[in-house]
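A short write-up of the structure that comes next.
The values are calculated or read from the model by the stated rules, or taken from the named source; none is laboratory data. These numbers come from a predicted model, not from an experiment. Cβ sites come from the backbone with ideal geometry, for glycine too, and all protein chains shown count toward neighbours. When the accessible area is computed, the model is the full protein with side chains, heavy atoms only, and any ligands, DNA or RNA have been set aside. Shrake-Rupley method; radii C 1.70, N 1.55, O 1.52, S 1.80 Å.
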Amino acid sequence: MHEARSFLGGRAASIPVLMRDGRTERIDNCQHVLLRCCTALMDFYGRCGVAGKIRFHDAIHLVLPGGAVDTIRRDPLPAPLHLARSLLAMRCLDSNDKLSLVRCLLSVSADRSRPDIDEITFMDWLLSKGATPRAVARFWRPFIVSALNEEPGLASASPALQVFGEGLLGSRTSYEMGVPSVPLDDLYSAALAGRLGPRVRVLLRSKVRRIDPSARDADYYVSAVPFDRVDGLVPNLGIGGQIERFTHSPITGIHLWFDRPITVLEHAMLLDREIQWIFHKGGGHYLVVVSASRGLEARSTSEIVRVAVAELCEFFAGARQASLTDSRVIREPRATFSVRPGLGISRPGPRTPYRNVFLAGDWTDSGWPATMEGAVRSGYRAADAVIEAAAGP
């Protein structure tokens, strides 16, 4: 396996930073999480021997400016009623909002199979079901922007309904959020230790500029590069028209170090402001996430930090009493592809016109949106295709 960088993980990686006090600390480029329904990803972590380094949480906290907290947590009821009491008790929504929420949730399962569901935006779908503006702003949008890295008015309804159908409503535990308890590179460096098998060899800082399918350098090739690089890597794939439909959506991760913890919550979804999630990384270190962060692209690093701290002070009294000691802003302008309506048909499968060249990557047709789960599923599908081409078991 050839990897151009000096580490594995791609866009789910850790980087060393020099702190103001002279220490070097490893921080994640952004907060990558998974749900219990991400079965392929957990299988992969099991193969790497790191499944125990994912900590799952059965509560999702939603916080309003001022500090009011709503918590979504399951009851003993069977799915899909396991979250009903939590959702109906949310103080950030009024009775009309909750009625619209129930109406929309009841339509998720049936509408996932609609033939036109990938042709409309998620916002179009919500409005057709009578979702109220406040329910959109305080429930539907926060979940979808976080899961798909795209706004409801731009994202296809198909992957959005998948998020709710398989995540929130799929089983009693499928909504549980898994957060790595170690830096991201600790999850993927296991491959370097030979845990993926004695016949797997990983070459770091080894950039492949071009694949010649007619050469005898290898029996089979699997390309796992992003969509905007694959055409230059493998000639004459015949998918240029499909790739032209893909665009990027950015994510911004804001690392903040305070002189003390600012809240007892380990993580929280933040409502009605520009920042969207906060994750406690230990001590006074917090990672604030802004998905689909186009509004931050033109802002300076110092301004982004100022906005994040000011908004945290609106949510947590502890932030108003703490002092900021250090900060880092990590911009990922090409974090994911944008799941626009009608794009599903343009996502290629693992096979190419060449019998010995196969495609993988979260942008290919994995059955999932641009997530770590989608990336792993794409790799598994490519592996299946290679085995079939080799007439193996």
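For segment 344-357, take each phi angle, set θ = phi - 60°, evaluate the Karplus expression 6.51 cos²θ - 1.76 cosθ + 1.60, and give the result in whole Hz per residue in order, putting x for glycine and proline.
Each residue's phi maps through the Karplus curve to give x, 5, 8, 7, x, x, x, 7, 10, x, 9, 5, 10, 10 Hz.
Excluding Leu18 itself, what net charge comes from residues whose Cβ is under 14 Å from its Cβ, given Lys and Arg +1 and Asp and Glu -1? Walk me through the intermediate numbers first.
On the way: positive: Arg20, Arg23, Arg26, Arg328; negative: Asp21, Glu25, Asp326.
Once all neighbours under 14 Å are counted, the net charge is +1.
List the trypsin sites (Lys or Arg not before Pro) in segment 31-97 that DSSP assigns to loop (not H, G, I, E or B) and whose Cβ has at most 10 other Cβ atoms within 10 Å. Which are they?
Working: sites: Arg36, Arg47, Lys53, Arg55, Arg73, Arg74, Arg85, Arg91; in loops: Arg36, Arg74, Arg91.
Here the sparse-neighbourhood loop sites are Arg91.
For the chain, give the percent of accessible area contributed by carbon and sulfur heavy atoms, probe 1.4 Å, rounded to a whole number. Please list the in-between numbers first.
Details: 9410 of 17980 Å².
Within the chain, the accessible surface is 52 percent carbon and sulfur.
If you restrict to DSSP beta bridges whose two residues both lie in the chain, what percentage is antiparallel, to the nearest 5? Walk me through the numbers on the way to the answer.
Numbers: 43 of 50 bridges.
Taking every DSSP beta bridge with both residues in the chain, the antiparallel ones total about 85 percent.
Dipole of segment 182-293 (Lys/Arg Cβ +1, Asp/Glu Cβ -1, origin at the Cα centre): which of Ser206, Ile262, Val225 lies farthest to the positive side?
Ser206
Could you please state, rounded to a whole Å, how far the C-alpha centre of segment 11-26 is from the C-alpha centre of segment 163-221?
If you average the Cα positions of each part, the centres end up 23 Å apart.
Provide the per-residue ³J(HN,Hα) series for segment 234-241, in order, calculated from phi with Karplus coefficients 6.51, -1.76, 1.60 and θ = phi - 60°, each as a whole number of Hz, with x at glycine and proline positions.
10, x, 6, 6, x, 10, x, x
Just need the relative contact order of the chain here, percent rounded to a whole number, with Cα pairs under 8 Å and 6+ apart. Working shown, then result.
Values: 702 pairs, mean separation 87.9, N = 393.
Worked out over the chain, it gives 22 percent.
Ignoring ligands, DNA and RNA, what accessible area per residue does the chain give at 1.4 Å, in Å²?
On the way: 17980 Å² over 393 residues.
Using a 1.4 Å probe on heavy atoms only, each residue of the chain averages 46 Å².
Find which of Gly241, Pro369, Cys38 sits farthest along the positive direction of the dipole of the chain, computed with +1 on the beta-carbon of Lys and Arg, -1 on that of Asp and Glu, about the Cα centre.
Cys38
Mind jotting down a quarter of the surface of the convex hull over the alpha carbons of segment 25-65, in square nanometres, one decimal?
Working: hull surface 19.4 nm².
Spelled out: convex hull of the Cα atoms, projected over all directions, averaged, 4.8 nm².
Give the calculated FRET efficiency between Asp219 and Ala298 to the nearest 0.05, with a Förster radius of 45 Å applied to their Cβ-Cβ distance. Show your work: numbers first, answer last.
Details: r = 48 Å, r/R0 = 1.07.
About 0.40, to the nearest 0.05.
Report the calculated FRET efficiency for Ser181 and His248 (r = Cβ-Cβ distance, R0 = 45 Å), to the nearest 0.05. Walk me through the intermediate numbers first.
Numbers: r = 30 Å, r/R0 = 0.66.
Computed FRET efficiency for Ser181 and His248 comes out at 0.90.
Once the whole set of protein chains is in place, how much accessible area is left on Tyr220, using a 1.4 Å probe, in Å² to the nearest 10?
Accessible area, nearest 10 Å²: 70 Å².
Can you return the lysines within cross-link range of Lys281? Criterion is Cα-Cα under 29 Å, with same-chain partners fewer than 8 residues away left out.
Candidates past the 8-residue exclusion: Lys53.
Under a Cβ-Cβ cut-off of 10 Å, what is the net charge of the residues other than Leu83 that fall near it, where Lys and Arg count +1 and Asp and Glu count -1?
Result for the local shell: +3.
Using Cα pairs under 8 angstrom and six or more residues apart, how large is the relative contact order of segment 126-181, in percent? Please report the intermediate quantities before stating the final value.
Details: 21 pairs, mean separation 9.2, N = 56.
Relative contact order, segment 126-181: 16 percent.
Counting Lys and Arg as +1 and Asp and Glu as -1, what is the net charge of the other residues whose Cβ lies under 12 Å from the Cβ of Ala51? If you can, show how the numbers build up before the last one.
Working: positive: Arg47, Lys53, Arg55, Arg195; negative: Asp43.
Overall, the nearby charge balance is +3.
Please report, in debye to the nearest 20, how large the charge dipole of the chain is about its Cα centre when each Lys and Arg carries +1 at its beta carbon and each Asp and Glu carries -1 there. Mind showing how you got there, number by number?
Details: 48 positive and 42 negative charges, 113 e Å.
Charge dipole, the chain, about its Cα centre: 540 debye, nearest 20.
Tell me which lysines have Cα within less than 28 Å of Lys129's Cα, excluding those fewer than 8 residues away on the same chain?
Lys98
Hey, of [x] 20.4; [y] 19.5; [z] 24.1, which did the structure itself give for mean projected area of the Cα convex hull in nm² when calculated?
[x]
Can you sort His82, His280, His32 by solvent-accessible area, 1.4 Å probe, largest first?
Working: His82 0, His280 65, His32 40 Å².
From most accessible down to least: His280, His32, His82.
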